[in-house]
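Inspection log for the structure reproduced underneath, given as structure tokens.
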Amino acid sequence: MKAIIPVAGVGTRLRPHTFSHPKVLLNVAGKPIIGHIMDKLIAAGIDEAIVIVGYLGDMVEEWLLKHYNIKFTFITQSELLGLAHALWMCKPFIVDNEPLFIILGDTIFDVDLKPVLQSPYSTLGVKEVEDPRRFGVAVTEGEKIMRLVEKPDTPVSNLAIVGLYFLHQSKPLFTSIDYLIEHEIKTKGEYQLTDALQLMIEGGEIFTTFPVSGWYDCGKPETLLSTNEILLQGNAQTKEYPGCVIIAPVFIADNAMLKNAIIGPNTTIGEHSVITDAIIKDSIIGNDAKVVHIMLNHSIIGNNASITGNPHEISVGDYSEILVG
Ligand code: UTP
């Protein structure tokens, strides 16, 4: 079965990291976001992927072709008109009303996809959230979806649609998106997938939900770091670094160099990075980065970045109280 992965977005919420790297290639727990997604898809039997690229798309294409051996089709969405528009661009590559699995490029998930891909109905991955206003939500009766609402201002449901969509047949999706585009129906300025799916429901298509308990958003710095923490759970570090203390869980690239450092917990250290006289916890350090004489907490350091702190040399008298900034 084909998966469609839209990754054309700019990733503004993850700037400055996304100035030089597409969001999906940012490292989380030792692997780019899209690497986590591809591994799950392939394990579930997906053997072909249509990837909708745009911003820094060449880098995504090159990375995927280098690391995975399935059939890829890359489609460029040069104008970011919304998710529904991105999917609409795949229309020429979809044949015979075939079923489709769509997954957003910034959604790492932990769910058994095999039963989902065999569902007799179209089905959407959902998770209960406290504040549904940032999401598309599903209003359900039993397992059946009655209505979908994109980023509701009033609380109609707390079942957020988390970015995993199985479509039992693909034709009605494209018919709905055709309609949105022909009539220029946009929500919040974009052609929304939620609106297209709602049209399908109104046209009689049955949609159900499936629960996604493991759903790890990577769209913002704080969610990237919490996802890093969750995915690292259980990662024991076996290699020893003389003069260093490693507090699991961590991911440390084999070729990273550590000297006089305390690393962890919940920390990823990228390839060829050099860490000297530093304490780092709850952080992601990119590839070829250099971190010297500093204590880092909840930090994201990009590839090739260099951070050098300034160790203080002080003489403190009895009973003094000093707060160093
Ligand atoms: P987001 O809006 O969450 O991602 O879209 P973004 O645009 O990359 O990030 P921000 O909002 O600027 O920080 C969800 C997914 O849909 C894709 C994005 O690449 C992302 O994987 N998308 C969205 C497209 O491919 N095309 C679009 O027109 C819109």
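The values are calculated or read from the model by the stated rules, or taken from the named source; none is laboratory data. If you're wondering where the values come from, they're calculated on a predicted model, not measured in any experiment. Virtual Cβ from ideal backbone geometry, glycine too; neighbours counted across all protein chains shown. Just the protein is used for accessible areas: all its heavy atoms, side chains included, with ligands, DNA and RNA removed. Shrake-Rupley method; radii C 1.70, N 1.55, O 1.52, S 1.80 Å.
So which of K144/K171; K114/K220; K40/K188; K2/K127; K40/K186; K66/K186 end up more than 26 Å apart, counting from Cα to Cα?
Values: K144/K171 21 Å; K114/K220 29 Å; K40/K188 31 Å; K2/K127 24 Å; K40/K186 32 Å; K66/K186 37 Å.
The answer is K114/K220; K40/K188; K40/K186; K66/K186.
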Checklist outcome for this item: Computed over the chain: longest principal axis from alpha-carbon atoms vs helix 57-67 long axis, angle to nearest 10 degrees, is 80
Checklist entry - Alpha carbon centre of region 71-122 versus region 1-30: separation in Å? => result 16
Checklist outcome for this item: Expressed in angstrom and rounded, the centroid-to-centroid distance over alpha carbons for region 171-217 and region 255-325 is 46
Item to check | GNM top mover of E190, E141, E128 - the chain, alpha-carbon springs below 10 Å | outcome: E141
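Give me the percent relative contact order of the chain, please, defined on Cα pairs under 8 angstrom at least 6 residues apart.
Relative contact order here is 15 percent.
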Item to check | Selected from P132, P211, P16 as most flexible by GNM, with the chain as the system and alpha-carbon contacts under 10 Å | outcome: P16
Checklist entry - How far apart, in nm, are the 7 Å Cα→Cβ label points at Q169 and E79? => result 3.1
Next on the checklist: To test your reading of the geometry: what angle, between 0 and 90 degrees and rounded to tens, separates the Cα axis of helix 171-182 from the longest principal axis of the chain?
Outcome noted: 90
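To the nearest 0.05, how large is the calculated FRET efficiency for D131 and Y68 if R₀ is 35 Å and r is the Cβ-Cβ distance?
Plugging the Cβ-Cβ distance into 1/(1 + (r/R0)^6) gives 0.50.
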Checklist entry - Averaged per residue, what accessible area in Å² does the chain show with a 1.4 Å probe, protein chains only? => result 49
Checklist entry - DSSP loop trypsin sites (Lys or Arg not before Pro) in region 203-299 with at most 10 other Cβ atoms within 10 Å of their Cβ, which ones? => result K239
Item to check | Max mean-square fluctuation residue, GNM over the chain, Cα-Cα springs under 10 Å, options T76, T227, T187 | outcome: T187
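Mind listing which trypsin sites (Lys or Arg not before Pro) in region 89-189 are in a DSSP loop and have 13 or fewer other Cβ atoms within 10 Å? Each step should come with its number before you reach the end.
Working: sites: K127, R133, R134, K144, R147, K186, K188; in loops: K186, K188.
Here the trypsin sites (Lys or Arg not before Pro) that fit, given the DSSP loop and packing criteria, are K188.
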